[in-house]
Amino acid sequence: MTAIAVQAQRLLAQRRPQRPFLESFIRALIIVCAALALVLSSVSICDGHWLLAEDRLFGLWHFCTSSNQTGTHCLRDLSWAHVPGLAVGMVLARSVGALAVVAAILGLELLMVSQVCEDLHSRRKWAMGSVVLLVSFILSSGGLLSFVILLWNHVTLTGFTLMFWCEFTASFLFFLNAISGLHINSITHPWGQPRKF
């Protein structure tokens with residue numbers, strides 16, 4: 001009987017204290033916002049139509065023209081847009097954008113794993129996930145910036161499509177979630193260590 005009581009006490013002593021509700025809520029909120037940013041970025045990259053300039057629609061994958069006689073006509077060969085360097089530049093823009101989505105998937109996975117499987121390394125996994133989200137922000141911003149630079153002569157604030165603003169919002173959310181994740185990891189107490197007063 002005493003051996004069972006000793007084992008029970010050992011098990012209770014090894015149990016870590018539960019996280020405060022506010023910390024768990026903030027971490028869950030960061031994960032949800034990162035998932036939302038990932039969905040926005042994925043949809044925006046897949047659609048790719050980001051800029052409407054008069055009767056022309058510029059995208060990551062296609063170049064479209066529209067007229068009353070022929071309707072909308074889209075081409076994969078971006079050289080038909082007659083914009084210098086557009087065909088090569090768009091390869092860079094869409095590659096960087098796609099890499100941003102891949103990095104965001106990896107970062108989100110690390111954030112979720114750190115919360116679901118709590119162990120001694122969960123804080124490190126959380127920090128790594130936040131850093132990967134920061135890399136995703138840098139890649140996403142690079143894709144947006146290269147797109148705008150390539151089409152600078154055609155850019156107007158009202159010409160950007162909803163898909164462009166989705167990517168812009170996703171990029172901002174990647175940054176916000178990465179910084180928030182790193183900050184909450186630095187101000188919260190590591191549960192595996194004794195508390196100092």
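The values are calculated or read from the model by the stated rules, or taken from the named source; none is laboratory data. Since the model is a prediction, treat every value here as computed from it, not as a measurement. As a convention, Cβ positions derive from the backbone with ideal geometry for all residues, glycine included, and neighbour counts pool all protein chains shown. Remember, those area values only see protein heavy atoms, side chains included, never the ligands or the DNA or RNA. Shrake-Rupley method; radii C 1.70, N 1.55, O 1.52, S 1.80 Å.
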In square angstrom, what is the accessible area per residue of the chain with a 1.4 angstrom probe? 61 Å²
Looking only at Cα atoms, what is the convex hull volume of the chain per residue, in Å³? 150 Å³
Max mean-square fluctuation residue, GNM over the chain, Cα-Cα springs under 10 Å, options Leu173, Leu99, Leu111: Leu99
Using the Cα atoms as the points, what is the convex hull volume per residue of the stretch 77-138 in Å³? 66 Å³
Quick one: which residues, 5+ away or cross-chain, put their amide H under 5 Å from the amide H of Leu51? H built at 1.01 Å from N. Phe58, Thr161
Of the residues Ser136, Ser41, Ser186, which exhibits the maximal mean-square fluctuation in a Gaussian network model of the chain defined by a 10 Å Cα contact cut-off? Ser186
For the stretch 135-144, Karplus couplings with θ = phi - 60° (6.51, -1.76, 1.60), whole Hz, Gly/Pro x: 4, 4, 4, 5, 5, 5, 5, x, x, 4
A 1.4 Å probe over the protein heavy atoms gives the chain a carbon and sulfur accessible-area percentage of 70 percent
For the stretch 87-103, in order, what is each residue's ³J(HN,Hα) by Karplus, 6.51 cos²θ - 1.76 cosθ + 1.60 with θ = phi - 60°, in whole Hz (x at glycine and Pro)? 4, 6, x, 5, 4, 5, 4, 6, 5, 5, x, 5, 5, 4, 5, 4, 5
With x for Gly and Pro, the residue-by-residue ³J(HN,Hα) of the stretch 27-34, computed from phi through the Karplus equation 6.51 cos²θ - 1.76 cosθ + 1.60 at θ = phi - 60° and given in whole Hz, is 5, 5, 5, 4, 5, 5, 5, 5
The stretch 22-187, dipole about Cα centre (Lys/Arg Cβ +1, Asp/Glu Cβ -1), debye to the nearest 20: 220 debye
More than 23 Å apart - percent of Cα-Cα pairs taken over the stretch 18-122: 48 percent
List the equivalent ellipsoid semi-axes of the stretch 105-197 in whole Å, largest first, each obtained as the square root of 5λ for an eigenvalue λ of the Cα gyration tensor. 37, 12, 10
